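The values are calculated or read from the model by the stated rules, or taken from the named source; none is laboratory data. Because the structure is a prediction, the values reported are computed rather than measured. Positions of Cβ are backbone-derived with ideal geometry, glycine not excepted, and every protein chain shown enters the neighbour counts.
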Amino acid sequence: MTSITSLASQSGSSVSGLFRLLSVKSASAEAESDRARVSIADASGFAVCELSLTDECFLALTDIRTRFVHIEGRILRSPSDVVQIDAHRIEKATRLDRPSWHLLSRTWVPPEAVSAFDRLIALLDRLNDHHVRSLAHRIFLSPEIAEPFLCVPASRAHHHAGIGGLLIHSVECAEMAESLSRYVLPAHECDLAVMGALLHDLAKIRIMTSGHGSRHAIYGVTQEALNLEVLAPFLKRLDRDWPEGGSGLREILAPTYRSSSASPLLVTDLVRYIDRLSSGADIRTQRFRGAPAWRHCVRTEQGALVKRILPAPGATQGPQVSP
């Protein structure tokens, strides 16, 4: 599997691989070269290809439906950090030979969230359930979902309010779900918990990008309803492949319980508490920034929750979770 990072140290070598197409620029009349410039990316980096394009090929690449391309060529020696490729063949890719998250563009990720992005890729690679992996593949295949998910804040003035905050918060929650679910959930629900935790705030891609009058269109609509709206096409497919998983994910994304009561599904409560842990930890970091270290030791509901859920040292079985 060819990645752009792996090409950086292979000047002069041939390359053949699948990449995300970012842009195509035809040669201008003033340019010294008559070759087009094609910008490509994957989860590891960014590269620029130069090649001669026929009019037919140029039109095919600039079609809005063209998102991925297969490229063959030779890696050029470049004085900059950008990988440059002398391409002799480029064509629209109709099938992907790797998970879609490996073809997310690293250029979409703000510097503050790069670490979370790398952890996201590793997290998705660790998914075992094929239904959940297929769901993740289809979701991250959509740039309308993937691009804002990687860069918008998680809130306007609450927790994780900086750019990339939604990604950072979502990955934190998913990693905690991955660690804790094996103690309190049956094996077949663990990956569902990870995906539910990762997507529990997905509606923020609508809420936090609203502008130019569009915010009025979602005024008064709950985040839970927007979660289901954004994911409607993907949930429909999951319903067909794994009906119980579709129902469970809906319960996580739009729980039916009142805030003071417990969910009928333990996985929903788990994700709810994990959300509080991540958001609470970020708020605590904000409030105690610059304060002496001893002032950071405060009693919180989240801290009590950790003691409830985490296994005791030396325990061989998961802890007992009170109903």
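So here's what we get for this one:
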| item | result |
| --- | --- |
| Flag for Ala136 being touching a Gly at 6+ places or on another chain (Cβ under 6 Å), buried (at least 20 other Cβ atoms within 10 Å of the Cβ) and within 18 Å of Leu228 (Cα to Cα) | no |
| Residue list for region 13-34, filter: at pLDDT 85 or above and surrounded by fewer than 18 Cβ atoms within 10 Å (Cβ to Cβ) | Ser13, Ser14, Ser16, Leu22, Ser23, Lys25 |
| Residue in region 70-85 that is over 29 Å from Ala122 (Cα atoms), modelled with pLDDT under 90 and crowded, with 19+ Cβ neighbours inside 10 Å present | no |
| Test: residue in region 251-264 that is surrounded by 14 or more Cβ atoms within 10 Å (Cβ to Cβ), modelled with pLDDT under 85 and of a type in the set (S, T, N, Q) | yes |
| Residues within region 82-125 that are more than 14 Å from the chain's Cα centre (by Cα), of a type in the set (D, E, K, R) and farther than 22 Å from Asp63 by Cβ, tallied | 3 |
| Flag for Ile4 being loosely packed, with under 14 Cβ neighbours inside 10 Å and within 25 Å of the chain's Cα centre (by Cα) | no |
| Matching option when the condition is over 23 Å from Ser279 (Cβ atoms) and in the same structural domain as Asn227 (by TED's automatic domain parsing), among Val184, Val114, Val132, Val171 | Val132 |
| Ser39 being outside the structural domain of Met176 (by TED's automatic domain parsing) and part of a loop (DSSP other than H, G, I, E, B) | no |
